[in-house]
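One structure is given below, encoded as structure tokens.
Bear in mind that the values in this text are calculations on the coordinates, not laboratory data. Keep in mind it's a predicted model, so treat the numbers as computed, not measured. Cβ: placed from backbone, ideal geometry, glycine included. Neighbour counts: every protein chain shown.
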Amino acid sequence: MEFGFAWFTRGAAADAAGAETLALAGERLGFRYMLVPDHVVIPADINSTYPYSPDGSFPGQGIGSCLDTLASIAFIAGRTRTMRLLTSVMVVPHRPPLLTAKMISTIDVLSGGRVTIGCGAGWMEEEFKALQLPDFAERGRVTDEYLNVFKTVWTNEVASFDGDYVSFSNVSTLPLPVQNPHPPLWIGGESAPAMRRAARLGDAWYPIGNNPRFPMDTLPRLTRRAARLEELCAEEGRDPATLGRAYWSHWNNENQVVKNADGDRMLLTGSVDAMVDDINQMKALGFRHLMMNFAAPDVTGMADRMQVFAEQVMPRID
């Protein structure tokens, strides 16, 4: 199992010192990934439903400030040597695809091939309107086409593309990314359309466990959703063994049991033994990448929580 931790582009650690402190701590402690969320702007008035809170409210609405995910991973790449940089997740329609593909390939080259692109279609209509993007209702189709643009740019020295939203021809795309055939694309989302996108276009499926519509906060729930992924792979004609599986837990509580609304113990809470057992069972379901949120009031608290997990849990997992 490969482990990662979240650094947020807003809040207590959202500056150069916070990013560097946590990046160096993560690399020293043996974390494989440092993940960075994505928003370009935060509208003052948000009526869109946030998929990952029980009441649909967005916890970042009152903060306003946010750093850009691609600029952030480029900065972190320059401060680290081995740890991978994961966008978690980059909203694909937010940026022009040819430019985005070039930026990602540049970061991949300069980091020595350490970029993984977690990506999704987005959820905030107000942000789409502020950025003057294609119609919000078309974001799924836009995402699919942009992902195909990425792959075209990353695998051809001279690229052309003719789609519904993007057209260009005979464009030199050098240098190509270090990673072959391209930086991994982890497709975020828990709904059937998102999972189908993963089966069709992704290198891995990358859900978050606390979506109230598709909860995966217990092993039985995660098992059922993983079975649904296999069905969708079959429908797309893909061997599910060729699709990686990563999971982002927005919670973890060492030595404290947390129960969901149904009274069941949530994954990755409770004793160290319980957490180790959870992770081993997740491995049995095909998950090989586990991202954690070590939330704390300040950078020191986050680093301390990372160290506890690295010392107590990680050594017990193959």
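Structural remarks
- Rounded, prolate or oblate (a/c below 1.5 giving rounded, otherwise prolate when a/b exceeds b/c) for the chain by Cα gyration tensor: rounded
- In order through the range 256-271: 3J(HN,Hα) via Karplus (6.51 cos²θ - 1.76 cosθ + 1.60), integer Hz, x for Gly, Pro: 9, 6, 10, 10, 7, 5, 8, x, 8, 5, 7, 3, 6, 10, x, 5
- Using 0.36 nm per residue and subtracting the Cα-Cα separation, the extra length available between Asp273 and Asp298 on full extension is 6.2 nm.
- Subtracting the Cα-Cα distance of Asp68 and Val166 from their residue separation scaled by 0.36 nm leaves 33.0 nm.
- Given charges at Cβ of Lys, Arg, Asp, Glu: the chain dipole, positive-most of Met302, Leu110, Thr269: Leu110
- Förster-model FRET efficiency, 30 Å R0, Ala234 and Arg288, C-beta, rounded to 0.05: 0.90
- Selected from Ala23, Leu133, Tyr165, residue furthest toward positive end of dipole (the chain; charges at beta carbon): Ala23
- Potential extension, Thr106-Ala137 segment - 0.36 nm per residue separation minus Cα distance: 8.1 nm
- Farthest positive-ward along the range 97-199 dipole, Cα basis, beta-carbon charges - from Met195, Pro97, Gln179: Gln179
- DSSP bridge pairs, the chain: antiparallel proportion in percent, nearest 5: 15 percent
- Helical content of the chain, expressed as a calculated mean residue ellipticity at 222 nm, amounts to -11500 deg cm²/dmol (DSSP H runs of 4 or more residues, -39,500 (n - 2.57) each, divided by residue number, nearest 500).
- The relative contact order of the chain comes to 17 percent, based on Cα pairs under 8 Å that sit 6 or more residues apart.
- Relative contact order, whole percent, for the range 43-185 stands at 25, derived from Cα pairs under 8 Å and 6 or more residues apart.
- Taking Asp108, Asp164 and counting other C-beta atoms within 10 Å, the order from fewest to most: Asp164, Asp108
- Helix axis angle, 299-312 relative to the chain longest principal axis, alpha carbon, degrees: 70 degrees
- Cα centre as origin, Lys/Arg/Asp/Glu Cβ charges: the chain dipole, Debye: 480 debye
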